[in-house]
Amino acid sequence: MKTTKDSLLPRRPISFLRHFLQSSSAGGIVLMASAVIALLVANSPLYPVYADILHRYVAGLSVLHWVNDGLMAIFFLMVGLEIKREVLDGQLSTWSRRVLPGVAALGGMIVPALIYLAFNLGESGHPNGWAIPSATDIAFALGVLSLLGPRVPPSLRIFLTALAIIDDLGAVLIIAFFYSGDLNVYALGGAAVVLIALVALNRLGVSRLLPYLLLGAILWFLTLQSGIHATLAGVALAFTIPLSAFSVKAETEVSPLLKLEHGLQPWVNFMVVPVFGFANAGVSFAGLSLAAFVDPVPLGVALGLFLGKQLGVFAFSAAVIRMGWAELPKHASWLQLYGVGLLCGIGFTMSLFIGLLAFASDPLLQDETKLGVLLGSLLSALAGAIVIKRACRDPSPPASGDAA
């Protein structure tokens, strides 16, 4: 066999940066870093500059508004693409696959909301924030799970991903029905016409992404003017993107949805979500006392995330498994399942976002929400990591009949 000069050269090892960017935990790590940097800036002499930049107006909207309504529309587009793909051709494609994560997600939304309301139904409470602790940050939670190493059963990651995707769908519906403002009928009608046009493109078999994206930009603008939160335009657009289409030229099946999802993924993980975290996690602790953490809003949010999520996810999961409607994730133990329930209490991105909508006119309550989200998410991340790491060291296999 003839050798060449190139074949004699040693292969260059993959760079640390490239390896990091390709790892499943990278997005969660970058998000954590952006939140920490925001807290450091907010509690430093740079805070006035930070606040001034966020509240400067560009093209009719503040920078913070562009982040929360513009960049986050791209995040919700990504969420919508993931939901559609998983429902049509993934871990949620059959009812048997949907039962366990679906019921777990339902419990993970109901119990945290009830715990929050338990602290906020009185005269000094603020019940409008009931949905804040009901959300799970998929990037953050999966990032923590990935950091625990290869001993974590792959089925747990699949379960957590499916659960978080259903949880995101629930959050989208909550935003649509409970946190939309006064409706502009004309803008809403225009948005409906654009949405019909997007559906028509799908039905006609159009596989090029450009027409969808151009109409999606118009849909976002009209939704912004309509009183429905603009980020929902991202989800609506995602649901119209074809999962597959036939290319006459290549005579093969192509997937516009997968192409767009893979194209968006690095931008969402390494720009959109970190920028959102940096813009919204900056809470100044100046003048705050420990008493601020036990006010109804931060206490309800923190305990809703830390206690409500683990109780709701684990209890509802255990119920359907014991009733024989679902099975424990393959090669996973009950303790590992409980650890995943703890990780679901990391509500960072979506919880902060819902908090901004729930208390849109009250900056003080927004800051209290951030305190609760940060505390509840931190406790959930630490406790979940400890429990799963301890469970993965246990050599004892799951009980007979518990594994799929």
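The values are calculated or read from the model by the stated rules, or taken from the named source; none is laboratory data. Not measured: the values here are computed from a predicted model. Because the Cβ atoms are built from the backbone with ideal geometry, glycine has one as well, and the counts that use them run over all protein chains shown. Surface accessibility is based on the protein's heavy atoms, side chains included, excluding ligands, DNA and RNA. Shrake-Rupley method; radii C 1.70, N 1.55, O 1.52, S 1.80 Å.
Quick notes on this one:
- Residue that is nearest to Gly90 (Cα to Cα) [pool: residues in the stretch 226-246 that are modelled with pLDDT under 85 and open to solvent by 30 Å² or more (accessible area, probe 1.4 Å)]: Ser244
Yes or no, residue by residue, for (1) more than 12 Å from the chain's Cα centre (by Cα); (2) among the charged types (D, E, K, R); (3) surrounded by fewer than 18 Cβ atoms within 10 Å (Cβ to Cβ); (4) within 22 Å of Trp220 (Cβ to Cβ):
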site	(1), (2), (3), (4)
Leu142	no, no, no, no
Pro153	yes, no, no, no
Ile166	no, no, no, no
Leu173	yes, no, yes, yes
Leu183	yes, no, yes, yes
Tyr186	yes, no, yes, yes
Gly189	yes, no, yes, yes
Ala192	yes, no, yes, yes
Leu195	yes, no, no, yes
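- Unmet requirement for Gly90, which otherwise passes all of (1) open to solvent by 70 Å² or more (accessible area, probe 1.4 Å); (2) at pLDDT below 85: (1)
- Filter result (under 24 Å from the mean Cα position of the chain (by Cα) and surrounded by 14 or more Cβ atoms within 10 Å (Cβ to Cβ)) within the stretch 30-41: Val30, Leu31, Met32, Ser34, Ala35, Ile37, Ala38, Leu39
- Those residues of the stretch 55-105 which are among the hydroxyl-bearing types (Ser, Thr, Tyr) and assigned to a helix (DSSP H, G or I), in sequence order: Ser96
- Among residues of the stretch 143-171, those that are assigned to a helix (DSSP H, G or I), within 21 Å of Val99 (Cβ to Cβ) and not charged (D, E, K, R), counted: 15
- Of the helices (runs of 4 or more DSSP H) lying entirely inside the stretch 255-317, the ones with 2 or more residues being closer than 22 Å to Phe359 by Cβ are found at 273-280, 296-303.
- With respect to the conditions (1) open to solvent by less than 30 Å² (accessible area, probe 1.4 Å); (2) modelled with pLDDT under 95, Gly205 lacks only one, and its number is (1).
- Residue in the stretch 306-324 that is in contact with a strand residue (DSSP E or B) (Cβ under 7 Å, 6 or more places away or on another chain) and either surrounded by fewer than 24 Cβ atoms within 10 Å (Cβ to Cβ) or among the acidic types (Asp, Glu) (or both) present: yes
- Some residue of the stretch 262-284 being within 30 Å of Leu364 (Cβ to Cβ) and of a type in the set (Phe, Trp, Tyr): yes
- Pick from the stretch 1-56, criterion at pLDDT 50 or above and either in contact with a strand residue (DSSP E or B) (Cβ under 9 Å, 6 or more places away or on another chain) or of a type in the set (Asp, Glu) (or both), ranking: farthest from Phe75 (Cα to Cα): Asp52
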